[in-house]
1. Would it be correct to say that residue 505 is more than 30 Å from residue 616 (Cβ to Cβ) and open to solvent by less than 20 Å² (accessible area, probe 1.4 Å)?
2. Return yes when residue 319 is of a type in the set (A, V, I, L, M), open to solvent by less than 10 Å² (accessible area, probe 1.4 Å) and either over 25 Å from residue 465 (Cβ atoms) or in contact with a Pro (Cβ under 9 Å, 6 or more places away or on another chain) (or both) and no when it is not.
3. Going through 243, 234, 222 one at a time, which residue ends up being within 19 Å of the chain's Cα centre (by Cα) and closer than 27 Å to residue 110 by Cβ?
4. From 188, 150, 163, 203, which residue is among the acidic types (Asp, Glu), open to solvent by less than 30 Å² (accessible area, probe 1.4 Å) and more than 23 Å from the chain's Cα centre (by Cα)?
5. Considering only the stretch 63-97, how many residues are surrounded by fewer than 19 Cβ atoms within 10 Å (Cβ to Cβ), part of a strand (DSSP E or B) and of a type in the set (D, E, K, R)?
6. Of everything in the stretch 206-219, what is farther than 14 Å from residue 121 by Cβ, open to solvent by 20 Å² or more (accessible area, probe 1.4 Å) and of a type in the set (A, V, I, L, M, F, W, C)? Give them in sequence order.
7. Among the residues of the stretch 98-111, write down those that are outside any strand (DSSP E or B) and either at pLDDT below 95 or open to solvent by less than 30 Å² (accessible area, probe 1.4 Å) (or both).
8. Which ranges mark the helices (runs of 4 or more DSSP H) fully within the stretch 380-474 that have 1 or more residues being touching a Leu at 6+ places or on another chain (Cβ under 9 Å) and among the basic types (Lys, Arg)?
Amino acid sequence: MIDTKLSSFHSSRRRLLQLLASAPVLPLATASGSSLFLAACNSSNDPAPAAASTATLTGVSFTSTPAPTLANAAAMATTTIGSTMTANFSDGSKIDVKLAYQPFFITGDLVADGKGGQILAGGYYDIYNQPIIDASVAGKERQFFSDSPDGTSLLTVPGAKVDGVKGNTVFAVVQFEYTTWAQDGVTDMYGKLPSPIAVLTLDQDPATGKLKLVKYHNVDTSGVHGLWITCGASLSPWGTHLSSEEYEPDAFTAAANSQLKAFSKNLYGSETAAIPYHYGHLPEVTVNTDGTASIKKHYCLGRISHELVQVMPDNRTVLMGDDATNGGLFCFVANTEKDLSAGTLYVAKIGAGFTLDTTATPTPLTWIKLGSATSAEIHKLANITLATDIFDRVTADPMDASYTKIFISGKAEWLKLKPGMEKAAAFLETHRYAAYVGASLGFTKMEGTTVNIKDKVAYSALQNCIDSMVIGGKGYQAGIGIDLPAALKAGAVLQHTLKGGLTDTMGGAINSDWMPSATKAILTGEDITADALGNTANPDKIGNPDNLKFSEKMRTLFIGEDSSQHVNNFLWAYNIDTKQLSRIMSIPAGGESTGLHAVDELNGWTYIMSNFQHPGDWGGIHGIVKPTLDPLIKANYKDKFGAAVGYLTGDVSQVKLAK
């Protein structure tokens, strides 16, 4: 619903449009009244135009969607929004927009391929671009499709022209992280299929902003060895989709890794064809004017657990999430603007005093240079290098001072770098090498990253603050600056101060004005004893933050959860000026909030893109709700094999032109 209230005087319809022109205007849904609203605004019976408004946007706020309960079980089993967005103006007027959710499809749907046929949304393909078949149920063979859509970028391409588009041509690039189960319901498929990426051609109605799917194009990833567990994503300042490969396969244990062998079998038809060093990198997708796309991998940004990256306004500095236990804060500075194929990789060392106390002063950061490289040279190394060529590695203390003890994924190892292998170590064994040279490899699941350009700060999500972050915890290492006295399972959001003129720990100049120089916690969750629904984190606070995106226009940090502590995961809006935290959407129980992308302006409209993953993926906290919700979610989402790709929109039901 759009509920427009103008203060201190009676307003004409034209004045309403003047205010809307400076507001974040969510696209209008197709509910009854949307066309009436726009028609009325352009009616020939309108009074003469008023003098141009000088009112400016002063702030945006959101009311909170109530956390659903079993009193309305249906709301727990689907996407639920009960929030209103309010845009306030300098003359005291405001515009209220009731939010709604609009999916483009549920994975597993057959959608238009733009060639007169249909294609399976979220479908999997091998290296030869042939469908990968789920034969786990005899007589019901079908193409695998994902229940876990993730990173999404909404964008335009100059000169785009696609048949079937009647309004504005816009595109969404959507990646699919994994599928949870084969259709037999017992065969675990996590990480065993090559992740697909699709380009959606969308028809944007110029009058309402509504987006309609016209074409689904599956991107050919064979030229980059297929994709491994594509998680979060971001839109580069130059309009490309920056993907991710999460939880890079361990090259030291690859021969015994059943997950990697199954991935290789499904991709290549052979359990041994996939090379582990080809995965754990940064893919970049460039959309063409016809709704197709090309893809390349950048091998020089470090082989880490890429969650997603954020490119700073200089078009060169890249802040990276690292979704691992014993993870680090990494930055890459490209040699050339808008080109990530060559540059220098850095990792942070945390100074004294790091805490989750949001009132504490920021903790200083220093930067260790890991190395400089081109993507091409690291790709060449990936083709021919074995893990044993880089390090001597043992998993029990060798009682030899020439070895260095590190922690990787919560476990101790002892390493000795082989002569001349610094570059291979820095870019192919990035986690191990960063720990080896003394960086602060102690974070747990540092996920989404985003930037607030005006205030020159960046944000990172810590899904959990456990294990290696806690004194005595699994993977804890003293002396690296991360020494929490107690775990916080519900996680936190960090804020990094960005500045230029920094040098690395060897005194070398860092060629960037957007490097993090200090960090502090700005939001934390709260662990609780299980409540009546089973929540073990306070449902009125963030729980296990994952996706992060910042809207400059709305001055709002959007936060999507990947929580094993909230029975329903939530999408939040946090106003960084007023400090108001608002729950704006509830995800189907057992699902994860993904695909977050805040678009301040696209052909005059504002969008909040949001997907979800694996509805009804029950954990220990769901024992109370599962008996009631499981049949509802099965009915809503293809027996729990489907999940939604879509966006938040304005639900128009009525219009008020005066107070």
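The values are calculated or read from the model by the stated rules, or taken from the named source; none is laboratory data. Owing to the predicted nature of the structure, the values given are computational and were not obtained by experimental measurement. Counting neighbours? That spans all protein chains shown, and the Cβs are built from the backbone with ideal geometry, glycine included. Each accessible area value is taken on the protein alone, full model and side chains, heavy atoms only, with ligands, DNA and RNA left out. Shrake-Rupley method; radii C 1.70, N 1.55, O 1.52, S 1.80 Å.
1. Against the criterion (more than 30 Å from residue 616 (Cβ to Cβ) and open to solvent by less than 20 Å² (accessible area, probe 1.4 Å)), residue 505 does not qualify.
2. yes
3. Step by step, each of 243, 234, 222 is checked, and only 243 is within 19 Å of the chain's Cα centre (by Cα) and closer than 27 Å to residue 110 by Cβ.
4. The match here is 203.
5. 1
6. 207
7. Result: 107, 108.
8. Qualifying helices (runs of 4 or more DSSP H): 422-428, 430-436.
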